[in-house]
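Derivation of every value follows stated rules applied to the coordinates shown; laboratory data play no part. Treat the numbers as computed from the prediction; the structure is a model and nothing was measured. Please note: Cβ atoms are built from the backbone with ideal geometry, for glycine as well, and neighbour counts cover all protein chains shown.
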C-alpha cells in the first residue's frame, strides 16, 4: 500500500466522531484519485473495518450485479455468501455482524452501488434506522466521486434529513504535503522542478504517487503523460465516464471552453450554442461538485456582500494540461513517437504554466493569508475579482483580492516566470488598481506573488506591501 501522506486536519475531523456516544452516519465526497478511500482506511486502522465498493457501471451493469458484488464482498469479510435479490437481506446480514464495539463501515462509490436500484437508498435508510444505529460505537461512511448524485440523492433527500452527522468534501493536498512524494531527497530538488510536476498533477495523491524522485520533472511528466498506457495518458476519459452517470460529452465541451480562460455563464451558453437555462447551470454545478471547476464570485467592496457576477474557472490542473497537450498528441503517443526536450518547448507553455500556477496559488490561498498575517476570521471576502465596464467605472480584473474587516484591500498579482520579475509588473499593477472601484476610507495595498525571484529594482521601489515567494509554500517555509 502506498505511503499515507498529509490529511492531518481531515483525520482530526473524523476522530471527533470517535468521542460520540451515538452512532454516526458520515458522507465523504470528492474528485476521483483524491484519496477518499485511502483516508478512511487510515482512519479505520485500529478498529474493526468493513469496506464495500460498488461495481463501475457499464451498459450491462444491473441492480442484481451490484447486489451480487456486495454479497461476494460480504463473503470476504467472513459472512455467509448469499444470493440476494433484495438489499434488505444484505444489509441485515451485515448489521447482524456489527451489533457491538467500535465498528467502521465504508460503502465506497455509493452512486455505482445504488444507481441501478430505485429502492437502494430507501432500504439503506431503513437499515440505518432499524439496525446500524443501535450500535452506539458504529460509524457508517457513504463515499463517492459522483458528488452531484450524492448531493441530489442523499444530502438533499428527505429520507436522510437529520441522519447525516457530517459531510466531508476532500480537496487536493496542500503544497507542503505534496513535497513528501519526492521522498528523502526532496530537499535536494528545487522548488521550480517540483512546481513543474505539480502544475500538471495538482495536489492529487494518486498522480503524485507516479513520481520517480530519481528523474527530472521533464522525464517524470513524459513517463506518466506522454507514454502509451501510462496513467495520465487516458485518465481524462476514464474519470469522466465514471463520474457522470449520463452522457459526458456536454461536460467535456464545457471544460474545453474553460481551458481557453475563465468565463461568465452567458459566455459559456453562447459558446455551447445553448439557451441561458438551468440545464447548463446544472452541468456547471455538477462539474464544480466533482472538483473540476470553480465558480469565483466577485463582490461589492463597499458592503462586502457577494455580487451576482461570477466567472467559472477550470481549476483542475491535470484536466487543463490534458486538454492543452495530451489529447491532441494521443495518436503520436500511441505510436511512441511523441518527443519533447523540455516543457518550455511545448507550444504556448508560458501561458499555460501561468494558468496552472495560478490554480496552485488559489488552491493554497491560506498560505497567502499566513504570509500577510491575516487571520481567516478577519477576512470579509476573498477571491479572484473582476468588475465590468460601465459609464461610472472602468473594467478591471485582479488575480486575487482580499478584503479585511479593518478596511484594507490586498490586490495580489500572481506571476510565473522563468526569469526574475521586472519593474514592468509595477506598471501593470498601477493601471489595475487605478481602475478598481472602492470607497474612501478603504486602503488598497499591492501584493506580488512569484516563484522564481524578482529583480532588485522591484524590491527597492517599495511599491508592493508584500512580495511573496510561493516556492516557500512548496518547501514548507
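Side notes on the structure shown:
- Gained length - residue 335 relative to residue 373, 0.36 nm times residue gap less alpha-carbon distance: 8.5 nm
- Nearest-ten-degree value, helix 424-435 long axis tilted from longest Cα axis of the chain: 80
- Computed from Cα atoms, the angle from the helix 191-201 axis to the main principal axis of the chain rounds to 50 degrees.
- Inter-site label distance for residue 342 and residue 365 at 7 Å from Cα along Cβ, in nm: 3.3
- With the largest listed first and rounded to whole Å, the semi-axes of the equivalent ellipsoid of the chain from the Cα gyration tensor are 42, 26, 23.
- Sorting the segments 40-53, 382-395 by their mean number of nearby beta carbons within 10 angstrom, highest to lowest, gives 40-53, 382-395.
- Nearest-ten-degree value, helix 278-289 long axis tilted from longest Cα axis of the chain: 90
- Residue 274/residue 306 FRET efficiency (R0 25 Å; Cβ-Cβ; nearest 0.05): 0.50
- Range of Cα positions in segment 365-474 per principal axis (Å), largest first: 39, 32, 21
- Helix-only mean residue ellipticity at 222 nm for the chain, each DSSP H run of n ≥ 4 adding -39500 (n - 2.57), per residue, nearest 500: -10500 deg cm²/dmol
- Counting neighbouring Cβ atoms within 10 Å and putting the fewest first, the residues 187, 81 line up as 187, 81.
- Stokes-Einstein diffusion of segment 1-116 at 10 °C, 1.306 mPa s viscosity, Kirkwood radius from Cα pairs, rounded to a whole number: 101 µm²/s.
- Net lengthening on full extension, residue 164/residue 76 (0.36 nm per residue, minus Cα-Cα): 28.9 nm
- Cα centroid separation, segment 206-264 to segment 412-477 (Å): 31
- Euclidean distance between Cα centres, segment 1-23 to segment 386-401, Å: 43
- For segment 130-186, alpha-carbon Rg over 2.2 N^0.38 Å: 1.70
- Label-to-label distance for residue 285 and residue 187 is 5.0 nm, based on points extended 7 Å past Cα in the beta-carbon direction.
- Separation of segment 305-330 from segment 77-98 is 43 Å, based on Cα centroids.
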